[in-house]
1. Using the structure shown, decide if B:TYR293 is within 11 Å of another protein chain (Cβ to nearest Cβ) and among the hydroxyl-bearing types (Ser, Thr, Tyr).
2. Test of understanding: among A:GLN558, A:GLN531, which residue is open to solvent by 30 Å² or more (accessible area, probe 1.4 Å), out of contact with any strand residue (DSSP E or B) (no Cβ under 8 Å at 6 or more places or on another chain), modelled with pLDDT of 95 or more and within 26 Å of A:GLY234 (Cα to Cα)?
3. Could you tell me which numbered condition A:ASN464 fails, if it satisfies all but one of (1) open to solvent by 30 Å² or more (accessible area, probe 1.4 Å); (2) within 30 Å of A:TRP244 (Cα to Cα)?
4. In the list B:ARG314, B:ARG319, which residue meets the criterion of being part of a helix (DSSP H, G or I), within 12 Å of chain A (Cβ to nearest Cβ), of a type in the set (Lys, Arg) and at negative phi?
5. I'd like to verify a number: residues in region A:311-324 that are open to solvent by less than 10 Å² (accessible area, probe 1.4 Å) and closer than 17 Å to A:PHE344 by Cα, how many?
6. On the given criteria, is A:GLU361 charged (D, E, K, R), open to solvent by less than 40 Å² (accessible area, probe 1.4 Å) and not in a loop (DSSP other than H, G, I, E, B)?
7. What helices (runs of 4 or more DSSP H), lying completely within region B:499-603, carry at least 1 residues that are within 29 Å of B:HIS207 (Cβ to Cβ)?
8. Taking the conditions exactly as written (under 28 Å from A:GLY166 (Cα atoms) and at pLDDT 90 or above), does A:GLN71 satisfy them or not?
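The values are calculated or read from the model by the stated rules, or taken from the named source; none is laboratory data. Just so you know, these numbers come straight off a predicted model, no measurement behind them. With ideal geometry, Cβ positions are generated from the backbone for all residues, glycine too; neighbour counts draw on all protein chains shown. Ligands, DNA and RNA are excluded from the accessible area calculation, which covers all protein heavy atoms including side chains. Shrake-Rupley method; radii C 1.70, N 1.55, O 1.52, S 1.80 Å.
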2 protein chains.
Amino acid sequence: MDDKKQEQLNKMRHSTAHLLAAAVNELYPGTKFGVGPVIENGFYYDFDLPKAITEEDLPKIEEKMRQLQKQNLSFERSEMPIDKALDVVKNEGQLYKAELIEHLKETGHTEVEDLEKLDTEERLPNVSQVESVSFYKLDSFTDLCRGPHIENTTQIGPFKLLSIAGAYWRGNEKNKMLTRIYGTVFPTKEELEEYLNMLEEAKKRDHRKLGQELGIFTISDEIGAGLILWLPKGTIIREQIENWAKETENKWGYQRVYTPHITKEDLYKISGHLPYYAEDLYSPIDIEGEKYYLKPMNCPHHHMIYKSKLRSYRELPLRIAEYGQVYRFERSGTLHGLMRVRGFCQNDAHIYVQPEKAVEEFISVLNMHQYYYDQLGIKEWWAVLGVRDPKNLRKKYHGDDKMWDEAEKLTKEAVEKAGIKFVIEEGGAAHYGPKLDIYIKSSIGKEYAIGTTQLDLYMPQRFNLTYIDEGGKEKMPYIIHRAPLGSHERMAGFLLEHFGGAFPVWLSPIQVQIVPITDRNLEYSQKLLEQLKSSNIRAELDSRPEKMQAKIRDAQLQKIPYMLIVGDREEKEGKVAVRTRDGKDLGAVGFEEFLKDIKSKIESKANLC
Amino acid sequence: MDDKKQEQLNKMRHSTAHLLAAAVNELYPGTKFGVGPVIENGFYYDFDLPKAITEEDLPKIEEKMRQLQKQNLSFERSEMPIDKALDVVKNEGQLYKAELIEHLKETGHTEVEDLEKLDTEERLPNVSQVESVSFYKLDSFTDLCRGPHIENTTQIGPFKLLSIAGAYWRGNEKNKMLTRIYGTVFPTKEELEEYLNMLEEAKKRDHRKLGQELGIFTISDEIGAGLILWLPKGTIIREQIENWAKETENKWGYQRVYTPHITKEDLYKISGHLPYYAEDLYSPIDIEGEKYYLKPMNCPHHHMIYKSKLRSYRELPLRIAEYGQVYRFERSGTLHGLMRVRGFCQNDAHIYVQPEKAVEEFISVLNMHQYYYDQLGIKEWWAVLGVRDPKNLRKKYHGDDKMWDEAEKLTKEAVEKAGIKFVIEEGGAAHYGPKLDIYIKSSIGKEYAIGTTQLDLYMPQRFNLTYIDEGGKEKMPYIIHRAPLGSHERMAGFLLEHFGGAFPVWLSPIQVQIVPITDRNLEYSQKLLEQLKSSNIRAELDSRPEKMQAKIRDAQLQKIPYMLIVGDREEKEGKVAVRTRDGKDLGAVGFEEFLKDIKSKIESKANLC
C-alpha cells in the first residue's frame, strides 16, 4: 500500500475509534476513557465502564455507532495549552486521560508511542517539552487525540467491532483491568469481508489453541507468566529448526559458541546498555557483593569471545553463531502465548568483518534469509530500514556523524543490491546504528516482525575490537548482527499459524502413525514401526483397542502427515494403505516404496506431503 | 582398598599434616593455623604465615618434618570442655582455631565436614550440641584435631610436600588469603612414586591448561568467575556429547523437553527447597513484585510438565530428558576451571514410573551408565549409596520411615541386581531420599563425582503427582533422577584429562588437517577438503606459507587425529599420505579408502585412531 493510502486508512481507523468512544459515552454514562490507538488492521479502545459488558453487547454498540455515523457529524479539532488541558480532564474526572497528559508532559511522547515500542529493544528517550495538546469533538463527545482525523463520519467505511478483552491499564497487572474493545474498518465492503474471513481462519489457527491441542508448549502459574515450558512435541520442532540452522550456518562458514545466561554488570557498562537500557533488564542478582544480570542479548558475550585472542585478517569474516537464550522484561499485560514472552532463544550470530567486505557479507546474510523463507513457503517478506531521525540527530544517538553516514550508506547499499523489498523509517534506528527489521507474512496473511539485521560500527569502538590486517596493522572490524529465524518461540508460534499445525513432514513431531485394523496385525505393525524408527522416522503405533476410524480421526486431529493402515491384505502383500491427514486415501503401496518416498520428503524439507 | 586399610592411611595423612604444622610452627614462629584436612590422596594445611613463602621453601619445611619424624615423637591426645578450649586458643591468639570452635559450637559440625559437602547439593543441618573438643600434642606443638592419629612419628610412611597455593579462609574471597601447603604420604616408597608420576602426567593434562591451548573454553572477568564461555572447538565437543546423549536416550525411550532458567519462588516452596536450601540459590530477581530464582536444578520444572496433563499407566515409565542449564551458588574461592563452576548444563532426566517397575527401570538406568562409560574407555566406575544416618533419623530427613525403608530397599536391590560396584555411606542420603553418587576414574587415575541417581518417593507427594492405573484408580508414581554424563562442564573437563586432549575422532573438534607440500598441490587439497566436508567430516586445510614440518607440528599440538600430506605424487595417484597426531606415518593410501576408514571410526565412536 502506498504511503498516502495508508495515511488515509489510519485516519479512518482513528476516527472510527473515536466514533466507538462516542457511542460508548452515550450508552454507558460515567465511562472513563483510556487509550484508543490504531493498530495493525484496525483499532481498539480501552474503557473503564460503569458496568461489565460481554461480546453480546457489541451489536448494540455497533448499532449506536451507525446511528451517529448516519448523522454526518464532523470531527472538530481544538488545541489547548497542556496545563489547562490537564485541569479540564481532571475536572471531568477523566483520570486516565489525566495520566496520559502527565506522561506526555514528563516524557514528551504519548503512551501509545511507548506501547508501540514494547516490541523492540528500544525505549523512547525523553524529548523536549510539549506545549499544547489537541482534542477532537464529535457531537457531544470530546476526546483527547493527536489526530489527524477524517472530516466527518460519512467518510468512515464499513466497520465491525470484533471482540472484547480485559486489559490492564498501561499493560501493568497491578493497575485496574479495563475493558478493551477491538474493531476494524476498511474503505470497501470486500476488503472488510476478506479481512473477517482471514480472522476466522486465524482464530482456528491461533498458536495458543493449536499449541495446547498438539502438545507443543505449556505455561505454568507456579513457574511464571511468559516463561515457556516446551513439551516433547514442541521440543522436536524446536530441535528440528535448530539442527537446520546449524547445518545451514555450518555450510555458510559460521562457527558456534555457547555462552552463560548471566553476566556481571561490568559487561553492560562497556556496551552502554547500563544505564541506558536498564528497563529492559530484570533486577540484578547479588553474588558476593557484585551485581549480575540475566542477559537480554547475546552480543556482548560474543564480543568477549572475539576479544579472547588476537585476531588476524585471515580469520575474518569471523561468524560466531549461538542459539542463545535471552531474558527481557515485558509487562505482564503484554505477554501473549509464544509471541511475546519473557525468555526466548534467538537464532543469533555476530559477524566480525573487514570494513571493505561488509556489504558483500551483509548481502550474504540477506540471501540466507531468502533461503530460509523460501524453504518454509513464506511467500512474502520485507524489511524496514530504520535510520536516524533527522530532526533529532544530537539527542538520541551515540557515535559521530561520520560513523552514522557510513553505516547507513553501507546498509542501504547492501539491501538494494540484495534486491530486498524495503521501506525507510526515519527515526527507526537503534541508539548505536541503523537497523533492518525483517517482517514475514504467514499463509493466512498475518504479519510478524521476526528479527533484526544490523551493521554495527559502534560496538567495535566500545569493546575496542581489533584485527591485524595484511600489512600487520591493527584495524577495527565492523559487526553484522543477524537472526533470520528470529527466536524459537516466535518462529514456532508463527509456523503453528502458518501451517495451521499441519507441519511439513520434516517438522512434524510424529511423522507416521501406524494403525493396525485388528490385533492380528499387531506383530506386522510392530515390525514396520521398528523399520521406520531405525530409518530415523518419528513413528508411533496406535495399539489401543479402538475402531480403525476412531484411530484415523485421532491421528488427523494430531495433524500427523501419514497414517499407515495395516490389515490382513496389506500384511500378506508387504504393503501399507496410506492415508494423509487431509483425508486423502493414497491406496496400498509397498512399504519400501513408502519409506523411500517419505525419506526423500524429509531430506528435501518438502513443504507439502 | 578395604575399610581398615583406608582408615589406617587416613590416620597417617592426618598425622603427617600435624607433623607439617609442627614443622611450620618451628620454622615460622607467630604462624596462625587454619584447617588441615585429609583429602583425596593426601592432605593440606592452611597457614597464616608471618612472611610470604614460595615453592622453593618446601624442601626446607620437608627437612624440618623429617628431623621431627626421626625423633620418634608421640601424638598425645587430650580433651577439653568446648568453652574452655575456646578460651585457650583465643589466649594463644589462634583466631582461626577460635572461629572453628565457634562454628562447631554453633552448628555441631566441623568446618572440614562443611567443606566436604561443598561438592554436593546437600548442606549439613545443625546438630546437637558438642560438649568437648580434642587436641593432639606433638613435641611442643599442640593442634586442635578430632583425630584419630597414629601413635608416633616413625609410623609415618614416605611423604612429600607437593605444592603451595593461596586459599581464602573458609573459601570466601572476602576473607584473608592464607598459604595452603599440599602434601601426600603413602605406606611404601613404591606407592608414593607411582602417585608422583601420576601427578606429573595430570599436570600436563590439566584441563585448564589444555582447555586454553586447544581453544575449548575461556572465562572472562567482565562476565564473571565460574561462568564458562564455550569457544567454537569446545562447542563442537559439547554438541557431539549432547547429540550422542539424545540418540541414546531416544533409543532408550526418552522424550525431550526444554524449560526456562528462572522460576517464581512458588515452585521451590512446593518442592521444599525454600527455605531449606536457600543458600544454594542465587539472590532473587524481582519481577513486578514477585520473586524469581535462577533454577539450581531441573527437577521441579519437569514435575510441572508431568502435571500439565492427566497421566495414564499407558504413558509410564514416562522418561523426560533435558540437557538443562542450572545455576548454583559456589563460593568464588572454590571455583576450579570446568570442574567447579557457577552455571552448568546437566545431562538430566526424570523417569516417572509405576512403583512395581521402579527396580527394573533403575537397573536400566545403571545399564545406560555402563554403556556410556564403556564407550568412553572409562575402565573404572563405582557408586556410593547414601542412606540415612541411623543416629540421626528424626532430625534430618523429610518423609516417614515407611517411605525411606521402601526407597532404600529398592535402591539397594537395583544396584545389587545391576552388579555395580558400590559402598554404602550412612548419613549420605539427601533430605528427601537415598542417593547414589557415581564416580568415574580417568585413564591416569583421577577420580571425579560425575552424577547422582536417585529413587525419589518424596517429591511425588510434594507435587501431588498421580497416574490412572489399569483399574481406573489414581496412584502415585515414583521418580528416578539420573545424569549419567553429568554436566557438559565436568564431562568435558574430565575427558580433556582422560584423553590428554587427544580426543577420539568422533569428538575431535578438527578431525583431519590437510597439509599441501607445495602451492602446486593447493587445488587438489581444496578438492579433498570439499569431499571431506560433504561427508560431514570436520576438516581444515593449512594453506599458510609455512614449511610442511611446521604445519605437521602445529597440527600435532592441536591434537588433530589425522594429517593428510599432499604432494605431487599423492596428487598424481589420487592418494594421501596419512600421519597421526602421535607421530605415526601410515604411508600413502587411496583417498576413498581413508574416507571409508575414518567414517567407520566416527560411526562406531571408536576410542583410538
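1. Values: within 11 Å of another protein chain (Cβ to nearest Cβ): yes; among the hydroxyl-bearing types (Ser, Thr, Tyr): yes.
Yes, satisfied.
2. A:GLN531
3. So the condition that A:ASN464 fails would be (2).
4. Numbers: B:ARG319 fails: part of a helix (DSSP H, G or I).
Answer to the check: B:ARG314.
5. Going through region A:311-324 one residue at a time, the tally reaches 3.
6. So A:GLU361 passes the test.
7. B:522-534, B:548-557, B:591-603
8. On the way: under 28 Å from A:GLY166 (Cα atoms): no; at pLDDT 90 or above: yes.
Answer is no for this residue.
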